[in-house]
Amino acid sequence: MNIMDVLTDMALTGGLGALKPGASLDEVSGVLGAPAVADHVPGAAPSWPRTFAYGDVRLEVCRCRLIHRVALSTWTDSVDIPAACTGTRTDTGTKTGVGTVSMSPTVTFAQLRAALDLARVAWESDLELASQFSVVVDREPVLVRFTFATAAGAGAAGRSDATLHSAIARDTEHMCP
């Protein structure tokens, strides 16, 4: 599996394998093991919502322990994604979810558009700023946003070559029980 497969799956399902908005952190931990704490202020007293991570996949978790947001930053040289979320088998002798797969995150808008069109995933343009734009896939109640970085002033001509900066799936209707 490569990054295009991961992103297409995210657009189709609203998440990355077991890591989906609305999933219980306890259930996910049972499959993937305990996540790393990735709160934004290290050493601060924990408060909710909290941020956890599996490799380069970040989760925003509500006080009810349901995942509210799943984010994958793709602006780095490589990303580590839990093997179980990519369909990759690990032979560690432990849970299938243990271990990560490292892959190149470099994706252009033209490549993602072609993959989404091939998979018959409906998408629409959204946020437009001088140096970035987004496309969204609505998987009600989950919204998946792919944000691309462009050269300042590139305009419409630079869209095809714009590189993916992040992919975020979030629950648009979350209400704590």
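Rolling a 1.4 angstrom probe over the chain with all protein chains present gives an accessible area of which 52% lies on carbon and sulfur atoms. Normalised by the number of residues in the stretch 2-60, the average gap of Cα pairs under 8 Å and 6 or more apart makes the relative contact order 19 percent. Taking the chain, how much of its Cα-Cα pair set, in percent, is spaced more than 27 angstrom apart? Of all Cα-Cα distances in the chain, 27 percent exceed 27 Å.
Normalised by the number of residues in the chain, the mean separation of alpha-carbon contacts (under 8 Å, six or more apart) gives a relative contact order of 23 percent. Solvent-accessible surface of the stretch 1-151, taken per residue with a 1.4 Å probe and all protein chains present: 50 Å².
The values are calculated or read from the model by the stated rules, or taken from the named source; none is laboratory data. Since we're looking at a predicted model, the values are computed, not measured. Remember, those area values only see protein heavy atoms, side chains included, never the ligands or the DNA or RNA. Shrake-Rupley method; radii C 1.70, N 1.55, O 1.52, S 1.80 Å.
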